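**Q** Encoded as structure tokens, here's the structure I'll be asking about.
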Amino acid sequence: MSVRRSSVEALLTSQELDREVLVKGWVRTRRGNKYVQFIAVNDGSTINNLQVVADAEKFPEETLKDVTTGSCVSVKGRLVASQGKGQTVEVQATEIEVLGKTDPEVYPIQRRGAGQQGISLEELRKIAHLRPRTNTFGAVLRLRHTLAFGIHQYFNDRGFFYVHTPIITGSDAEGAGQMFRVTTLPDQNPPLTEDGKVDYSQDFFGKSTNLTVSGQLEGELAAMALGQIYTFGPTFRAENSNTPRHLAEFWMIEPEMAFYELEDNMDLAEDFLKYLVRYALERCPADLQFLNDTYDKELLNRLRFVIDNDFQRLTYTEAVDILKSAKQKFEFPVDWGTDLQSEHERYLVEKHFKKPVILTNYPKDIKAFYMKLDEDGRTVRAMDVLFPGIGEIIGGSQREESLEKLEQRMQEMHVPAEELWWYLDTRRFGTAPHAGFGLGFERLVLFVTGMTNIRDVIPFPRFPKNAEF
RNA sequence: GCUUCCUUAGCUCAGCCGGUUAGAGCAUCUGACUGUUAAUCAGAGGGUCCCUGGUUCGAGCCCAGGAGGGAGCGCCA
């Protein structure tokens, strides 16, 4: 009778010993002597490896020769209590088949030796197709999955509906940055209009189209019918941003809620982030422990701290006062009316309050047209959630529900109202107070994994001058 | 886009004031060892010193330009 394949995770946590098992995975290391060989096998189900023990005499020399770091093997054997000290169980192999060989002279991911640093994260970026086979990227990708799943879990449990907003958009008025053009017109000699410009009326959609920079405007449409919704999809920014916190292609979560005001929005954002951190701690303890031990000894403490403490809430105006009376000297001056610099945000989060901060009620001139004006007419009901190390993780606001005020803001900020006639219709027909925010998914993964470069928390990062793989 | 730093073996890095044939650890290969744990021990192979040009009797090292990468800043999530 044939034995079903077990995952490494299932075998390592199994209470049923002394039974026949089948396991398949990739070889991390092999060591031993001419009599006994130890093969560390990993199949991605867990960060931990399964130790396969092979009596060298029972296997042809050619077989064991091909069991090299990076090769793929299928092993049948007996799951037994380990005689060695490093693990509780191991597999005594009876059959080993090499499913895929690896030339160790060429395979770039080799184990590192004692006291060695090993391959760097920068080097691994050049081999992004193989880096999931490392402990680090296995841990990061499992955490990424877990967080994505947790997001759906959170919203589904609370009656939010998942809405798919378009990835190709016909409006370039969203104002969230440079966009990538989508076209099927030929690169050579595209059709031109009479005044010599490219004639997009002959393009696929009959107009100029781009990749989305945000699903928010469409999300608002859905919220004004379904009540509370969220989007979770890819987002594209053609900005030439060269930092460890920006990608040209990233994933964003954008909840939008009818009848929510700014306070409700903040409550949701804070509860949501705490839920996700807790979710990751509960589901991925081994991966987080590895990241904590390997990269950042404060990671687990920081995650627990976020769960256990209220976020500090204050207005932009209060923040400016704190910064102005701060003893620290800033490279850029603090002035009411100008946007805060990274150094200012970092001071508030990392030095002054030493906890996540929610800044609200920014001056209207530095925020988007759709944010609701405060009574005083100077500020808007915006909120930014600032986290240590990564800065703005969430940006959101209560939306302007008054048609007249919204139209006036659009005029002031030169947003073409005719292009957004459909957006304005929500204010024209049964408008309601509503609010929402955007969470950068990779920034969340950055925070939870303790990685320091956003290019290391997405499988295949897209950034200026880089679209390999 | 701006500022700044970096680029030497598969990887992580040394390389003196510009001076013969460019080094180490790990990895890889060969051998030894009957239970290893980032195995150990012995040996071997492995280099377009990022590219182009210049200065010099002589350049890994100095100069100029270019490419790639990191970090900081801007833009933002």
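**Q** Over all directions, what mean area does the Cα convex hull of chain A project, stated in square nanometres?
**A** 29.6 nm²
**Q** I've got another one for you. Under a Cβ-only charge scheme (Lys and Arg +1, Asp and Glu -1), can you give me the dipole magnitude of region A:8-106 about the Cα centre, in debye to the nearest 20?
**A** Computed charge dipole of region A:8-106: roughly 240 debye.
**Q** Can you tell me the orientation of helix A:216-226 relative to chain A, as the angle in degrees between its alpha-carbon axis and the longest Cα principal axis, to the nearest 10?
**A** 90 degrees
**Q** Rank by packing, highest mean first: peptides A:159-165, A:325-331, A:36-42, with packing defined as the count of other Cβ atoms within 10 Å averaged across residues.
**A** A:36-42, A:159-165, A:325-331
**Q** Based on the mean of other beta carbon atoms within 10 Å per residue, what is the order of A:358-368, A:120-130, most packed first?
**A** A:358-368, A:120-130
**Q** Toward the positive end of the charge dipole of region A:139-250, about the Cα centre and with charges on Cβ (Lys, Arg +1; Asp, Glu -1), which of A:Leu221, A:Tyr200, A:Thr243 goes farthest?
**A** Value: A:Thr243.
**Q** Name the residue farthest towards the positive end of the dipole of chain A from the options A:Thr231, A:Leu300, A:Phe259, assuming +1 on Cβ of Lys and Arg, -1 on Cβ of Asp and Glu, about the Cα centre.
**A** Farthest towards the positive pole: A:Leu300.
**Q** Sticking with this one: With +1 on the Cβ of every Lys and Arg and -1 on the Cβ of every Asp and Glu, and nothing else charged, how large is the dipole of region A:64-204 about its Cα centre, in debye rounded to the nearest 20?
**A** Roughly 1140 debye for region A:64-204.
**Q** Same structure again: Select from A:Leu420, A:Leu439, A:Ala368 the residue farthest towards the positive end of the dipole of region A:367-441; place +1 on Cβ of Lys and Arg, -1 on Cβ of Asp and Glu, and compute about the Cα centre.
**A** The residue sitting most towards the positive pole is A:Leu439.
**Q** Which cross-chain or sequence-distant (5 or more) residues have an amide H under 5 Å from the amide H of A:Val182, H modelled 1.01 Å from N in plane?
**A** A:Thr209, A:Asn210, A:Leu211
**Q** Do the sum for chain A: with -39,500 (n - 2.57) for every DSSP H run of n ≥ 4, divided by all residues, what is the mean residue ellipticity at 222 nm, to the nearest 500 deg cm²/dmol?
**A** Computed mean residue ellipticity for chain A: -8500 deg cm²/dmol.
**Q** Provide the net charge surrounding A:Ala40, with neighbours chosen by a C-beta distance below 13 Å and charges set as Lys +1, Arg +1, Asp -1, Glu -1.
**A** Summing Lys and Arg as +1 and Asp and Glu as -1 gives +3.
**Q** What angle, in degrees between 0 and 90 and rounded to the nearest 10, separates the Cα long axis of helix A:135-157 from the longest principal axis of the Cα atoms of chain A?
**A** Result, in degrees: 50.
**Q** Please give the helix A:299-308 orientation as an angle from the longest Cα principal axis of chain A, in degrees from 0 to 90, rounded to the nearest 10.
**A** Orientation of helix A:299-308: about 50 degrees from the principal axis.
**Q** What ³J(HN,Hα) values, in whole Hz, does the Karplus curve 6.51 cos²θ - 1.76 cosθ + 1.60 give for region A:49-62 when θ = phi - 60°, with x put for Gly and Pro?
**A** 9, 9, 8, 9, 10, 10, 6, 4, 5, 7, 10, x, 4, 5
**Q** I'd like the distance separating the alpha-carbon centroids of region A:276-329 and region A:59-110, in whole Å.
**A** 41 Å
**Q** Please list, ordered by chain and number, the residues whose modelled amide H lies under 5 Å from the amide H of A:Gln312; skip anything fewer than 5 residues away on the same chain.
**A** Amide H neighbours of A:Gln312: A:Val357, A:Ile358.
**Q** If each residue of separation counts as 0.36 nm, what is the full-extension length gain between A:Glu57 and A:Phe305 once their alpha-carbon separation is subtracted?
**A** 83.9 nm
**Q** Assign unit charges at the C-beta atoms only (+1 for Lys and Arg, -1 for Asp and Glu), then state the dipole size of chain A relative to its Cα centre in Debye, rounded to the nearest 20.
**A** Charge dipole of chain A: 2100 debye, to the nearest 20.
**Q** What whole number of Å gives the distance from the Cα centroid of region A:189-255 to the Cα centroid of region A:336-378?
**A** 26 Å
**Q** Please arrange A:Cys284, A:Cys72 by how many other C-beta atoms lie within 10 Å of their C-beta, fewest to most.
**A** The most exposed by this proxy come first: A:Cys72, A:Cys284.
Here, each number is a calculation from the coordinates, and none is a lab measurement. Here the structure is a predicted model, which is why all the values come from computation and not from measurement. Using ideal geometry, Cβ is built from the backbone for each residue, glycine included, and neighbour counts are taken over all protein chains shown.
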